[in-house]
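Below is one structure; the comments refer to it alone.
The values are calculated or read from the model by the stated rules, or taken from the named source; none is laboratory data. Since we're looking at a predicted model, the values are computed, not measured. Methodologically, a virtual Cβ is constructed for each residue, glycine included, from the backbone with ideal geometry; neighbour enumeration extends over all protein chains shown.
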Amino acid sequence: MAQNPPEAGIYSCTDAQGRRLTADRPIVACLDREQRVYGRSGVERARVGPSLTDAEREAQALQRRQQLQAEQRARDELRRQRALAYRYPDQAAHDAERAAAIAQIDDLAALAQRRAQDLRAERRKLDSEMEFYARDPARAPAALRRQLALNDESQAEQARYLAAQEQEKRRIHQRFDAELAQLRQLWAPAP
């Protein structure tokens, strides 16, 4: 990281032995302490801080990066809150969006329920065919056994899908509840 060039003027400091030193450039004996820079008229124009070690410079740079990141997060959060308040100007808009999201999941779940009912009806037909081989199921045709296995697998898949849709509904409700808590603070009149 480049440092600013030293300012033209008279540099003054007190070294480690307590002697007052003066020079027309930064004083090497005072690099570890503050130096004052005076103009030609004798008025103090600036103060030059002590030179930092590599570790101190790295620590300072790390602190600066962390501060910038924290400021960026705060700006991002403010932008997100503004976008949220713009998207949902009141609770009715928020409730309508929640209802639409849940309705979409309910539509998918209804399709899955119908498919599960069809699979159960198909299973009843396959079971009635299997009754003929009740005494010795191993003698049932391979095609029938494959259809039974496929039906079992499809029913299990539909059950997993329906469970996933219920979990998605819970997640949507949680998200909208969290948003609503934030929105209530944003909607509240400023004191």
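ARG20 - would you say it is outside the structural domain of PHE176 (by TED's automatic domain parsing), among the basic types (Lys, Arg) and modelled with pLDDT of 85 or more?
When the stated conditions are applied, ARG20 passes them.
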I'd like to check which strands (runs of 3 or more DSSP E) are fully inside the range 1-120 and have at least 1 residues that are among the small types (Gly, Ala, Ser) and touching a residue at least 12 places away in the same chain (Cβ under 8 Å). 10-14, 20-23, 44-48
Across (1) hydrophobic (A, V, I, L, M, F, W, C); (2) closer than 23 Å to ARG82 by Cα; (3) in contact with a Leu (Cβ under 9 Å, 6 or more places away or on another chain), ALA109 clears everything bar (2)
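Select from the range 71-89 the residues that are surrounded by fewer than 11 Cβ atoms within 10 Å (Cβ to Cβ) and either under 22 Å from GLU166 (Cβ atoms) or not hydrophobic (A, V, I, L, M, F, W, C) (or both) and list them in ascending order.
Taking the range 71-89 as the starting set, the residues that turn out to be surrounded by fewer than 11 Cβ atoms within 10 Å (Cβ to Cβ) are 71-79, 83, 86.
Once the filter is applied, which keeps residues that are surrounded by fewer than 11 Cβ atoms within 10 Å (Cβ to Cβ) and either under 22 Å from GLU166 (Cβ atoms) or not hydrophobic (A, V, I, L, M, F, W, C) (or both), the range 71-89 yields GLU71, GLN72, ARG73, ARG75, ASP76, GLU77, ARG79, TYR86.
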I'd like the full set of residues that are among the basic types (Lys, Arg) and either within 46 Å of the chain's Cα centre (by Cα) or in a helix (DSSP H, G or I) (or both), limited to the range 123-172. ARG123, ARG124, LYS125, ARG139, ARG145, ARG146, ARG160, LYS169, ARG170, ARG171
Only one residue in ARG36, ARG115, ARG20, ARG25 is surrounded by 13 or more Cβ atoms within 10 Å (Cβ to Cβ) and farther than 30 Å from GLN165 by Cα, so which one is that? ARG36
